[in-house]
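S.K.: Before anything else, here's the structure in question.
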Amino acid sequence: MNTAIQAAEEAHNPLVPVVSEIVLALIVFAILFFAIKKFVVPNFEKTFAERTQAIEGGLSAAESKQAEADAKLAELEKQLADARHEAARIREEAREQGAQIVSEMRESAQAEATRIVEHGKTQIEAERQQAVTSLRAEVGTLATGLAGRIVGESLDDEARQSRVVERFLAELESDGSTTTGSGVN
């Protein structure tokens, strides 16, 4: 037997394939090809389709989320612009109110100052009148006493005393208005 295998090996050229091995290899290749095509490829196709669908769904979801985010951003920017506009309007109103309050306070202070000045003038005039009255009475008493000494008779009579005092004061006032009117004090 050994000799037959050796003879077959010697007769067989190693560069030329054996037909039975080629047929067997083709049958195994066909079975593997059929098995891969029947069982493996559909699973790969199914997985690829699911991945493609998941990626496309993720992309569309991302696009919709991006669109929502852009819309929300635009809305927030609009609200921010509105808020800034409202703040500017409120500041302007506050400035106007502040200016109005300052103006009212100035008017009130001016009115109060005028009232105080008028009250002071009235009070000064009343005190002046009181002083004039008091001086008239004192001057009248002194003038009556002095006139009585000069004349040498008593001026105790009320009517006479009143006339003398009034005449004396009238002369003083006319002399005072003449000197005041001429600018000499």
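S.K.: Given the options 67, 54, 159, 61, name the one that is part of a helix (DSSP H, G or I) and surrounded by fewer than 10 Cβ atoms within 10 Å (Cβ to Cβ).
M.R.: Working: 67 fails: surrounded by fewer than 10 Cβ atoms within 10 Å (Cβ to Cβ); 54 fails: surrounded by fewer than 10 Cβ atoms within 10 Å (Cβ to Cβ); 61 fails: surrounded by fewer than 10 Cβ atoms within 10 Å (Cβ to Cβ).
Matching residue, one of 67, 54, 159, 61: 159.
S.K.: Please name all residue pairs, on different chains or six or more residues apart, with Cβ atoms under 6 Å, provided the first residue is in region 125-148 and is of a type outside the set (Ser, Thr, Tyr) and the second residue is in a helix (DSSP H, G or I).
M.R.: Filtered contacts from region 125-148: 140/165; 143/165; 143/168; 147/164.
The rows are residues; the columns are (1) β-branched (Val, Ile, Thr); (2) under 60 Å from the mean Cα position of the chain (by Cα); (3) part of a helix (DSSP H, G or I); (4) modelled with pLDDT under 70.
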| residue | (1), (2), (3), (4) |
| --- | --- |
| 136 | no, no, yes, no |
| 145 | no, no, yes, no |
| 153 | no, no, no, yes |
| 165 | yes, no, yes, no |
| 168 | no, no, yes, no |
| 174 | no, no, yes, no |
| 180 | yes, no, yes, yes |
| 184 | yes, no, no, yes |
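S.K.: May I pose another question? Is it the case that some residue within region 108-122 is touching a residue at least 12 places away in the same chain (Cβ under 8 Å), surrounded by 10 or more Cβ atoms within 10 Å (Cβ to Cβ) and either not in a helix (DSSP H, G or I) or not acidic (Asp, Glu) (or both)? It would help to see each step written out before you state the result.
M.R.: Kept after step one, since they are touching a residue at least 12 places away in the same chain (Cβ under 8 Å), are these residues of region 108-122: none.
Looking through region 108-122, none of the residues is touching a residue at least 12 places away in the same chain (Cβ under 8 Å), surrounded by 10 or more Cβ atoms within 10 Å (Cβ to Cβ) and either not in a helix (DSSP H, G or I) or not acidic (Asp, Glu) (or both).
The values are calculated or read from the model by the stated rules, or taken from the named source; none is laboratory data. No experiment lies behind these values; they were computed from the predicted model shown. Neighbour counts run over all protein chains shown; Cβ positions are idealised from the backbone, glycine included.
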